[in-house]
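*Asks:* Sharing a structure below in structure tokens format, with a few things to ask.
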Number of protein chains: 2
Amino acid sequence: MIRWRPGRRADVAAVVALLADDMLGATRETADPETYLAAFDAMAAEGGNQLIVGEAIAGAATGLAAGGIVATYQITFISGLSLGAARRAQIEAVRVSAAVRGHRVGAALVANAEARARAAGCTLIQLTSNAAREDALRFYERQGFTASHVGFKRYLDRSD
Amino acid sequence: MIRWRPGRRADVAAVVALLADDMLGATRETADPETYLAAFDAMAAEGGNQLIVGEAIAGAATGLAAGGIVATYQITFISGLSLGAARRAQIEAVRVSAAVRGHRVGAALVANAEARARAAGCTLIQLTSNAAREDALRFYERQGFTASHVGFKRYLDRSD
């Protein structure tokens, strides 16, 4: 039903629309299109930092047009010394279109991320989810993740 | 009291010793030295993924030998589309030697990470801390971080 592939520059607008169609994203995905394209280029220039999109394929049961982007995530491979020199795969910016909810697209997304993590030699997948996303927290526990950590963020004021 | 600088290959053993001298690290930093050196090389090959060490400088009030590594952290710069195309600085593997506790080395470490994050164009610093590290959780809140997220981890069995 979904084909997962690296995102292209031409996909950026569709991905940003998915990011914005969200209880938290609605108020914060307000940068201009050129800013998002520049961020895509910066991602591409960084080793092991990939935008992945899930594209609806023909024959899908959802009634969506083939080729439409219905899910997205970002995966970053991070080597390090800790945890026995583990290489980690970090997932960010997970979104599944409301149009395909109930079709196990989220589980397929996690399986796809896991396959990419293993292929990159990672022994650990990690992600954080906003504590307000109660459904997401339950989803990740069902997918075998352990909620062992507290995720902290601190915004840096550009004007400082 | 502390000079912060990028870690070198010759610092890896001292950093691993710091990582292991910890309530959680004691049981998991058991890889062999060559594995840690290979991970250091992998970090160096990845763009924007740095090991930072804090070196005691001469005249320090701690009685430690100058040049000894008394703190460490890892900082990774991650571009992405979400949060208005924010570039993030992610901190991992934070350790401060018990020998310098009480000298505000932790606060200096966070300030150093913030300076590196700003220099790399980041608008956000993020990290996770094991929920069992109660002192660390309080420390990050005092440093202006918000505990807004739940941090999930899933280990991948190499033998799968």
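Taken together, the values in this text are just the output of simple stated rules run on the coordinates, not laboratory data. These numbers come from a predicted model, not from an experiment. Counting neighbours? That spans all protein chains shown, and the Cβs are built from the backbone with ideal geometry, glycine included.
*Asks:* Note the per residue figure in Å³ for the convex hull of the C-alpha positions in the protein assembly as shown.
*Replies:* Numbers: hull volume 43.4 nm³, N = 320.
Considering the Cα atoms of the protein assembly as shown, their hull volume per residue is 135 Å³.
*Asks:* Between copies, how far does the label point of A:Arg5 sit from its twins, in nm, shortest first, when each point is 7 Å from Cα along Cα→Cβ?
*Replies:* Distances between equivalent label points, in nm: 4.9.
*Asks:* Report the residue, chosen from A:Phe77, A:Phe40, A:Phe139, that carries the largest GNM mean-square fluctuation when chain A is represented by alpha-carbon nodes joined by springs under 10 Å.
*Replies:* Taking springs between Cα atoms under 10 Å, the residue moving most is A:Phe139.
*Asks:* Under the rule of at least 5 residues apart or a separate chain, name every residue whose amide H is placed under 5 Å from the amide H of B:Ala71.
*Replies:* Counting only residues 5 or more places away or on other chains, the set is B:Gly54, B:Ser97.
*Asks:* Treating only the Cβ atoms of Lys and Arg (+1) and Asp and Glu (-1) as charged, compute the dipole magnitude of the stretch B:2-142 about its Cα centre; round to the nearest 20 debye. List each step's numbers first, then the result.
*Replies:* Numbers: 15 positive and 14 negative charges, 116 e Å.
That gives the stretch B:2-142 a dipole magnitude of about 560 debye.
*Asks:* Per residue of the stretch A:75-85, in order, report the coupling 6.51 cos²θ - 1.76 cosθ + 1.60 (Karplus, θ = phi - 60°) as ³J(HN,Hα) in whole Hz, putting x for Gly and Pro.
*Replies:* 10, 10, 9, 10, 6, x, 8, 6, 6, x, 6
*Asks:* To the nearest whole number, what is the average tally of beta carbon atoms from other chains within 10 Å of the beta carbons of peptide B:72-80? The partial results should precede the final answer.
*Replies:* Values: counts 2, 0, 5, 0, 8, 3, 10, 13, 13.
Mean number of neighbouring Cβ atoms from other chains: 6.
*Asks:* Further, regarding this structure: Mind listing P(r) for the stretch B:2-61? All alpha-carbon pairs, 10 Å bins, whole percents.
*Replies:* In order of increasing distance, the bins hold 21, 46, 29, 5 percent.
*Asks:* Further question: If the viscosity is 0.692 mPa s and the temperature 37 °C, what translational diffusion coefficient in µm²/s does Stokes-Einstein give for the stretch B:2-142 when Rh comes from Kirkwood over Cα pairs? Let's see the in-between values first.
*Replies:* Values: Rh = 15.9 Å.
Rounded, D is 206 µm²/s.
*Asks:* Along the Cα-to-Cβ line of B:Ala119, 7 Å from the Cα, sits a label point; which residues in the stretch B:1-23 have backbone N less than 13 Å from it?
*Replies:* Only B:4-7 fall inside the zone, counting backbone N under 13 Å.
*Asks:* Shielding by partners for A:117-125, please: the mean number of other protein chain Cβ atoms within 10 Å of each residue's Cβ. All intermediate terms of the calculation are to be shown ahead of the outcome.
*Replies:* Details: counts 2, 4, 0, 0, 3, 2, 4, 4, 5.
Averaged over the peptide's residues, the number is 3.
*Asks:* Could you check what % of the DSSP bridge pairs in the stretch A:56-160 are antiparallel, to the nearest 5?
*Replies:* Numbers: 7 of 11 bridges.
Bridges in the stretch A:56-160 are about 65 percent antiparallel.
*Asks:* In addition: Run through the other copies and list how far each one's label point is from that of B:Ala119, in nm with one decimal, shortest first; the point sits 7 Å from Cα along Cα-Cβ.
*Replies:* The answer, with the shortest distance listed first, is 3.6 nm.
*Asks:* Got the A:Ala132 label distances to the other copies yet, label 7 Å along Cα→Cβ, in nm, shortest first?
*Replies:* Counterpart label points of A:Ala132 in the remaining copies fall at 3.2 nm.
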